[in-house]
Amino acid sequence: MIFSLFITLSAFLIALIGTRLLILAFRGRRMMLDLPNARSNHQTPVPKGGGLAVVFALIIPMLVANIELAIVLSVLILAAVSLLDDLITVPPLVRLLVQVIAVAIPLSILPIDFSGGLLPPMVEKTLVGIMWIWCINLFNFMDGADGLSAVEMISVGLGITFIMVFAEQFPGELAHYAMVLAAAGCGFWWWNRHPAKIFLGDVGSIPIGFIIGYLLLLTALSGYPVAALILPGYYFADATITIIKRLLKREKIWQAHSSHYYQQAMRKGWKHGLVTQYIAGVNVLLGFLAVYSALYPDLNFLFIALAVMAVFMLMGFFRHHPGDSTTGTQK
């Protein structure tokens, strides 16, 4: 238990102190500022690149907790290319190729067998790899409101931790990784909550999406695939449906936009904090459903139905509820 507390506190402090140092270092440096534009959800320049601190807040404690070196290598590759993309634009195909390589490295050593031998191993790993790459990108796509990405880190991290606790697999490596994820999210949230003093940048959102995908995959491999699908339910649904809509409109899906359901709410005047609170509330429900799905797998259909209902109700609320004196105008 002391070890669990040690790595958790370490992740929190590295993220908290490291992010503050980056705020001071990036202040006034134009190349590290996120400048407002027509699609932005903020109105003043804000430093980006806070993900540098979060990445180290994740990999250092996870290394202490015996994470595979292949995962660390992939994270560092993604962080390096994403930092370059924050500074100068890296072509989308190059970024995608790097993501494929980053996912292929750990998949080459992970024992993947969800089909019980019905699918050839290479086919199954390819399908898992596609899902993993999508997880990387949906986290990046959804990183558009103050505090939102930090809340998702906390939600997924705590969700997996509680699954391990109630499944009597705590303490254990997966629980330790999940605790580190939640703690790093807490440390970054302090500086990223509305009004944000710094943003993750691609250097943070891309590697974090990779790590979340890895932890969800480990959760599924531990015998809880439904729980792994439920936990990121809102992010998955909002990002996927939005991308499908944009594809049908023949838009370039790799370009910045403000079409996500939570972004539609902010365009109507919702405050960043309130949007994040609503998503956090649904995430709490998804966390409960994920835990129950791990404990009572015979009722998985019910838990999935409840999760889908909650997610679509929130997206519908964001889309149709106007900003008013309650939600206020964002700043």
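The values are calculated or read from the model by the stated rules, or taken from the named source; none is laboratory data. Please read all numbers here as calculations on a predicted model, not as lab measurements. A quick note on method: Cβ atoms are made from the backbone with ideal geometry, for glycine too, and the neighbour counts reach across all protein chains shown. The accessibility values were calculated without ligands, DNA or RNA, using every heavy atom of the protein model including side chains. Shrake-Rupley method; radii C 1.70, N 1.55, O 1.52, S 1.80 Å.
Here are a few things to note about the model shown:
- The residues of the chain present an accessible area of 47 Å² per residue when probed at 1.4 Å with all protein chains retained.
- For the range 214-324: relative contact order, % (alpha-carbon pairs under 8 angstrom, 6 or more apart): 37 percent
- The chain - percent of accessible surface contributed by carbon and sulfur, probe 1.4 Å: 70 percent
- Ranking 186, 11, 122 by Cα position along the charge dipole of the chain, where only Lys, Arg, Asp and Glu carry charges on their C-beta atoms, puts 186 farthest toward the positive end.
- Across the range 109-193 the C-alpha pair distances fall into 10 Å bins from zero in the proportions 17, 31, 36, 15, 2 percent.
- Kirkwood-based Rg to Rh ratio, the chain, C-alpha trace: 0.94
- Of all stretches in the chain that contain no GluC sites (Glu not before Pro) in a DSSP loop with at most 16 other Cβ atoms within 10 Å, the longest one is 69-167.
- Euclidean distance between Cα centres, the range 276-292 to the range 235-251, Å: 22 Å
- Within the chain, helix-based [θ] at 222 nm, where runs of 4 or more DSSP H residues each add -39,500 (n - 2.57), nearest 500: -23000 deg cm²/dmol
- Dipole magnitude for the range 173-281: computed about the Cα centre from +1 point charges on Lys and Arg Cβ and -1 point charges on Asp and Glu Cβ, it is near 640 debye.
- Other residues lying with their Cβ under 14 Å from the Cβ of residue 244 contribute a combined charge of +2, Lys and Arg counting +1, Asp and Glu -1.
- Take each peptide in 300-306, 130-136, count the other Cβ atoms within 10 Å of every residue, and average; sorted highest first, the result is 130-136, 300-306.
- Rel. contact order, % - alpha carbon contacts under 8 angstrom, at least six apart, the chain: 23 percent
- Over 29 Å (Cα to Cα) - which of 245/271; 48/252; 48/268; 125/249; 48/271 fall in this group: 125/249
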